[in-house]
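As structure tokens, the structure follows; a few thoughts come after it.
The values are calculated or read from the model by the stated rules, or taken from the named source; none is laboratory data. Computed from a predicted structure; not experimentally measured. A quick note on method: Cβ atoms are made from the backbone with ideal geometry, for glycine too, and the neighbour counts reach across all protein chains shown. Areas reflect the complete protein model, heavy atoms only, side chains present, ligands, DNA and RNA absent. Shrake-Rupley method; radii C 1.70, N 1.55, O 1.52, S 1.80 Å.
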Amino acid sequence: MWVGNAGTYPPLVYAPHRVSVAHARWLGLSPAAMIYAGRIVSVLVWVALSVLAIQVAPARRWTLALLSLTPMAVAGAASISGDPMTNAAAVLFGACIARSAVREGEFAPRE
């Protein structure tokens, strides 16, 4: 069966879901429990990336926090989809770009 948008996301955005479902399968959990495991891990990874973006941002951290906590963002984060990881990575990338734009001097080796 042909699916028009099957290749829109790279496999990396599904890595957290794959790991959690694989562990749930290894434990012998039901399909519903596998879905919930994927959703829980999706939220946890999304929260970690969002917190990192907020910490990296040079300004407007509360704005990023409030935007990250909108109902649509949280509901999307709890889905087994490529969207939460892509959205959180985009916010993190934007925060890194903003930080590099306002930074003076050269970057440290760890950056």
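Numbers for the structure displayed
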quantity	calculated
Residues of segment 58-103 that turn out to be under 16 Å from the mean Cα position of the chain (by Cα), in contact (Cβ under 8 Å) with a residue 40 or more places away in the chain and part of a loop (DSSP other than H, G, I, E, B), as a count	3
Flag for A37 being within 20 Å of the chain's Cα centre (by Cα), among the small types (G, A, S), modelled with pLDDT of 90 or more and open to solvent by 40 Å² or more (accessible area, probe 1.4 Å)	no
Segment 95-111 - residue that is open to solvent by less than 80 Å² (accessible area, probe 1.4 Å) and of a type outside the set (A, V, I, L, M) and, of those, modelled with the lowest pLDDT	G105
Residue that is more than 25 Å from I97 (Cβ to Cβ), open to solvent by less than 70 Å² (accessible area, probe 1.4 Å) and small (G, A, S), where the choices are A15, A48, A57, A24	A24
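For every residue, the table says whether it meets (1) open to solvent by less than 50 Å² (accessible area, probe 1.4 Å); (2) modelled with pLDDT under 90; (3) not aromatic (F, W, Y).
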| position | (1), (2), (3) |
| --- | --- |
| P31 | no, no, yes |
| G76 | yes, yes, yes |
| P84 | yes, yes, yes |
| F93 | no, no, no |
